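All remarks here apply to the structure that follows.
The values are calculated or read from the model by the stated rules, or taken from the named source; none is laboratory data. Since the structure is predicted, the reported quantities are computational estimates derived from the model, not experimental observations. Virtual Cβ from ideal backbone geometry, glycine too; neighbours counted across all protein chains shown. Areas reflect the complete protein model, heavy atoms only, side chains present, ligands, DNA and RNA absent. Shrake-Rupley method; radii C 1.70, N 1.55, O 1.52, S 1.80 Å.
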Amino acid sequence: MRSIRISDELFDLARDESAAMSRSIAQQFEHWAKIGAALEQAGVTQEQVRRILRGDMRMRERVFMKLGLLKQVDMYLIPPKKARNAVLKAPSTESLDLA
């Protein structure tokens, strides 16, 4: 076990989160470190994380796809099978006022 210096702000954040998650403060820091290491190992950059935290949903989708948590087909509004079987119907020309 080693000691490190951290800001009071980060310590307070870890204390509050550790209490909410039933962890010790040290366990909370280890948890955050493991998450950060896993993201870095997967190739997720700090900028990508910042953009996701700011609410960039497109970046979130890209990172989720990169991590294998989401497939492109999962983002389709209409599932491909339904789209292939769909029949588009247009109104007849008689019902249109072309005059």
Å² of accessible area per residue within the chain, as computed with a 1.4 Å probe and no ligands counted: 90 Å²
- prompt: To the nearest 10 degrees, how steep is helix 25-41 against the longest Cα principal axis of the chain, on a 0 to 90 scale?
  reply: 50 degrees
message: To make sure I understand the rule: partners must be lysines, Cα under 17 Å from the Cα of Lys66, and not fewer than 8 residues away in the same chain. Which ones qualify?
response: none
For mean projected area of the Cα convex hull in nm², calculated from these coordinates, the label among (i) 8.0; (ii) 8.4; (iii) 12.9: (iii)
- request: Find the relative contact order for the range 1-87 and round it to a whole percent, using C-alpha pairs within less than 8 Å whose residues are 6+ positions apart.
  value: 12 percent
- request: Please report, in debye to the nearest 20, how large the charge dipole of the chain is about its Cα centre when each Lys and Arg carries +1 at its beta carbon and each Asp and Glu carries -1 there.
  value: 460 debye
- line: For the chain, longest principal axis from Cα atoms; helix 57-66 axis from its Cα atoms; angle between them, nearest 10 degrees, is 80 degrees
field: the chain: calculated mean residue ellipticity at 222 nm from DSSP helix runs of at least 4, using -39500 (n - 2.57)
entry: -16500 deg cm²/dmol
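Out of the range 47-87, which trypsin sites (Lys or Arg not before Pro) are coil in DSSP terms and have no more than 16 other C-beta atoms within 10 Å?
Sites meeting the loop and neighbour criteria: Arg54, Lys71.
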- line: Mean-square fluctuation maximum in Gaussian network of the chain, Cα pairs under 10 Å, restricted to Ile52, Ile78, Ile25, hits Ile78
Anchor Lys81: lysines whose Cα lies under 22 Å away (excluding residues fewer than 8 positions away in-chain): Lys71, Lys89
message: If I ignore ligands, DNA and RNA and count only protein heavy atoms, how much of Asp97 is accessible to a 1.4 Å probe, in Å² to the nearest 10?
response: 140 Å²
- prompt: Say each of Ile4 and Thr93 gets a label point 7 Å from the Cα, pointing the same way as Cα to Cβ; how far apart are those two points in nm?
  reply: 7.4 nm
field: Positive-end residue, the range 15-99 charge dipole about Cα centroid, Cβ charges, pick of Thr93, Met65, Ala19
entry: Met65
- line: Computed over the chain: longest principal axis from alpha-carbon atoms vs helix 8-20 long axis, angle to nearest 10 degrees, is 70 degrees
